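The values are calculated or read from the model by the stated rules, or taken from the named source; none is laboratory data. Keep in mind the model is a prediction, meaning the values are calculated, not measured. For neighbour counting, all protein chains shown are included, and Cβ atoms are generated from backbone atoms with ideal geometry for every residue, glycine included.
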Amino acid sequence: MLLKAENGYNTFYKDKNADFKILLMTDLHIGCGIISKYSDKKAEAAMLATAKKADADLIILNGDLTYPIAFLSGSTNNKKQAERVSSIMDKIGKPWALVFGNHDEEKHSQYDKHTLAEIYMKNKNCLFQKGPDDIDGVGNYIINIKNADGKFNTALVMLDSNQYLKRGYLSGFDHVHDNQIEWYKDQIKKLSVENGRLVPSLMFFHIPVKEFADAWRKLYLGEVGTDENGDKEIIYHFGFVNEKDNYFGHPVELKTHLFDDVLALGSTKGIFMGHDHLNTLSLTYKGVRLTYPMSIDYIAYIGIAKKKTQRGGTLITIDDSGKFEIKHLPLWERDI
């Protein structure tokens, strides 16, 4: 496998006839405070064990790497927390990337996402990019995968799903903004022109889209219809919705057209989200695979340190044709 900077993108050239493997880990919630001392050790051990099990070519951390909430972690120093995350990734020693979650920068945290970004970008193995200055969010960027012969395989679209509608948790969750969506569409069109065809892509961000919840509720109630070709509108693959009352932490008041634009563009066939630590669901809705990776968190939910069925990582394997497969990698206590 070869990794190089190419036309402004970090680009992997996969080994011939070998799958490209991506490990997703989400919701680390590293606190670096007196309250989180135990959970930080457990989270680090879980990350190391999951990475060893996956032996992936690329690791993507899907948001909420840090946890600068004083009364829950014991610290608001998200710079120190980001440095701890970076040091853990050094121990793993693989190329890695990230998207920010809603907790990485909080109202009372000491540092903003730009400061955290600088810390991550100093790590020799980190592929994070801040992205354009003229659109919202920090960390809108693309990593490309090509086959050994140079043929374009897949674009990995990383987006910042932002934080809250205003400044605090009670204002409700935010999501990917319109100017970010337009940037995504422009990037895919640009890559498609360069490669003479619509390029396949996968998308990664933290806060889930409402359509994920809509699909689950239809499936749950047995209201699965068919599309114009007679195919099922929803296909269940694996996983559970273990949040209380079938909860999905999507924006409630915010209207976003991201999913509609994904359908209209036709490039993105898989979207990976985080945020809801107990949900591990993976289903296909209107031809797009929607997946919650397994989470790492040992502190953010009451009693979550004792829960096990949601903890671990999620592996994506991509073959030469761009076809991808997804499977969870559960982490049992004996693995740590």
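Data table
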{"item": "Total residues in segment 100-140, condition closer than 15 Å to M203 by Cα and either basic (K, R) or in contact (Cβ under 8 Å) with a residue 60 or more places away in the chain (or both)", "result": "2"}
{"item": "So M203, is it under 16 Å from the mean Cα position of the chain (by Cα) and at pLDDT 95 or above", "result": "yes"}
{"item": "Within segment 223-258, considering residues that are of a type in the set (A, V, I, L, M) and within 19 Å of the chain's Cα centre (by Cα), the one farthest from K327 (Cα to Cα)", "result": "L258"}
{"item": "When residues of segment 259-291 are limited to those that are polar (S, T, N, Q) and part of a loop (DSSP other than H, G, I, E, B), the one nearest to K323 (Cα to Cα)", "result": "S267"}
{"item": "The lone exception for S321 - which of (1) farther than 21 Å from K232 by Cα; (2) within 19 Å of the chain's Cα centre (by Cα) it fails", "result": "(2)"}
{"item": "Hits in segment 292-322 (condition: surrounded by fewer than 20 Cβ atoms within 10 Å (Cβ to Cβ), outside any helix (DSSP H, G or I), out of contact with any Ser or Thr (no Cβ under 9 Å at 6 or more places or on another chain) and not aromatic (F, W, Y))", "result": "I302, G303, K307, K308, T317, D319, D320, S321"}
{"item": "Residue pairs meeting the criteria (Cβ under 8 Å; at least 6 apart or on separate chains; first hydroxyl-bearing (S, T, Y), in segment 188-216; second part of a helix (DSSP H, G or I))", "result": "S201/I188"}
{"item": "Residue within segment 7-30 that is touching a Lys or Arg at 6+ places or on another chain (Cβ under 6 Å), crowded, with 24+ Cβ neighbours inside 10 Å and part of a loop (DSSP other than H, G, I, E, B) present", "result": "no"}
{"item": "Breaking point among (1) within 28 Å of Y184 (Cβ to Cβ); (2) over 15 Å from the mean Cα position of the chain (by Cα); (3) not β-branched (V, I, T), for L281", "result": "(2)"}
{"item": "Members of segment 99-150 that are within 21 Å of S192 (Cα to Cα), buried (at least 17 other Cβ atoms within 10 Å of the Cβ) and more than 19 Å from the chain's Cα centre (by Cα)", "result": "K146, N147"}
{"item": "Neighbours by Cβ (under 8 Å, 6+ apart or cross-chain): first from segment 62-75, among the hydroxyl-bearing types (S, T, Y); second assigned to a strand (DSSP E or B)", "result": "T66/I30; Y67/I30"}
{"item": "Residues that are surrounded by 14 or more Cβ atoms within 10 Å (Cβ to Cβ), in a strand (DSSP E or B) and either β-branched (V, I, T) or in contact with a Cys (Cβ under 7 Å, 6 or more places away or on another chain) (or both), drawn from segment 211-258", "result": "I234, I235, V241"}
{"item": "Single condition E106 does not satisfy, out of (1) at pLDDT 95 or above; (2) assigned to a loop (DSSP other than H, G, I, E, B)", "result": "(1)"}
{"item": "Residues located in segment 323-336, provided they are surrounded by fewer than 15 Cβ atoms within 10 Å (Cβ to Cβ) and at pLDDT 95 or above", "result": "K323, E325, K327"}
{"item": "Selection status of A45, small (G, A, S), at pLDDT 95 or above and either in contact with a His (Cβ under 9 Å, 6 or more places away or on another chain) or under 30 Å from T154 (Cβ atoms) (or both)", "result": "no"}
{"item": "Restricting segment 54-81 to residues that are assigned to a helix (DSSP H, G or I) and of a type in the set (A, V, I, L, M, F, W, C), the residue that is modelled with the highest pLDDT", "result": "A54"}
{"item": "Qualifying residue in segment 113-132 (condition: part of a loop (DSSP other than H, G, I, E, B), modelled with pLDDT of 95 or more and farther than 30 Å from K42 by Cα)", "result": "yes"}
{"item": "Selection count where residues are more than 21 Å from L202 (Cβ to Cβ), surrounded by fewer than 23 Cβ atoms within 10 Å (Cβ to Cβ) and touching a residue at least 40 places away in the same chain (Cβ under 8 Å), scope segment 275-291", "result": "0"}
{"item": "Residues being farther than 23 Å from T280 by Cα and either in contact with a Ser or Thr (Cβ under 8 Å, 6 or more places away or on another chain) or among the hydroxyl-bearing types (S, T, Y) (or both) - total across segment 216-237", "result": "1"}
